[in-house]
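The values are calculated or read from the model by the stated rules, or taken from the named source; none is laboratory data. Remember, predicted model here, so these are calculated numbers, not experimental data. All Cβ positions, even for glycine, are placed from backbone atoms using ideal geometry, and neighbour counts span all protein chains on display. The protein model used for the area step is the full one, side chains on, heavy atoms only, and it has no ligands, DNA or RNA in it. Shrake-Rupley method; radii C 1.70, N 1.55, O 1.52, S 1.80 Å.
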Amino acid sequence: LRWGVVHLASRSALDIEGLGEKSVDQLVQEGVIAKLSDVFELRKERLAELDGWGEKSAQQVIEAAERAKTRDLARWLVA
């Protein structure tokens, strides 16, 4: 799961800024992400309560995930 999420969020795929290896590890450990589609269901309140996250960083990840939904087909195929 971890590597799948990291790849999905990578620049060559959907380019979801803020979802690097370290943050994905934390989100998987905390149970925030249990399947790939959870990336698109992240909640600001839940992220903001985690260590190292704040309102601003949580909002930025959520906005990046929303932008990723509109990426072209080629990026989705890579993801």
| query | In the stretch 43-79, which residues are among the aliphatic types (A, V, I, L, M) and farther than 15 Å from residue 17 by Cβ? | reply | 48, 50, 73, 74, 77, 78
| request: Restricting attention to the stretch 44-79, report how many residues are under 18 Å from residue 8 (Cα atoms) and either in contact with a Cys (Cβ under 7 Å, 6 or more places away or on another chain) or basic (Lys, Arg) (or both). | output: 4
| Can you find even one residue in the stretch 29-37 that is part of a helix (DSSP H, G or I), within 15 Å of residue 6 (Cα to Cα) and of a type in the set (A, V, I, L, M, F, W, C)? | yes
| said: Residue under question is residue 71, and the condition is that it be open to solvent by 90 Å² or more (accessible area, probe 1.4 Å), assigned to a loop (DSSP other than H, G, I, E, B) and of a type outside the set (Asp, Glu); does it hold? | reply: no
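Part of a loop (DSSP other than H, G, I, E, B) and out of contact with any Leu (no Cβ under 7 Å at 6 or more places or on another chain), is that true of residue 12?
Numbers: part of a loop (DSSP other than H, G, I, E, B): yes; out of contact with any Leu (no Cβ under 7 Å at 6 or more places or on another chain): yes.
Here the answer is yes, as residue 12 does meet what is asked.
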| request: Looking for whichever is modelled with pLDDT of 95 or more, touching a Ser or Thr at 6+ places or on another chain (Cβ under 8 Å) and part of a helix (DSSP H, G or I) here; the options are 5, 24, 61. Which one fits? | output: 61
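This table checks each residue for (1) over 23 Å from residue 70 (Cα atoms); (2) among the hydroxyl-bearing types (Ser, Thr, Tyr); (3) open to solvent by 90 Å² or more (accessible area, probe 1.4 Å); (4) in contact with a Pro (Cβ under 7 Å, 6 or more places away or on another chain).
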position	(1), (2), (3), (4)
5	no, no, no, no
17	no, no, yes, no
25	yes, no, no, no
29	yes, no, yes, no
35	no, no, yes, no
51	yes, no, yes, no
| note | By residue number, the members of the stretch 20-52 that are in contact (Cβ under 8 Å) with a residue 24 or more places away in the chain and over 20 Å from residue 74 (Cα atoms) are 23, 26, 28, 33, 34, 35, 50, 51, 52
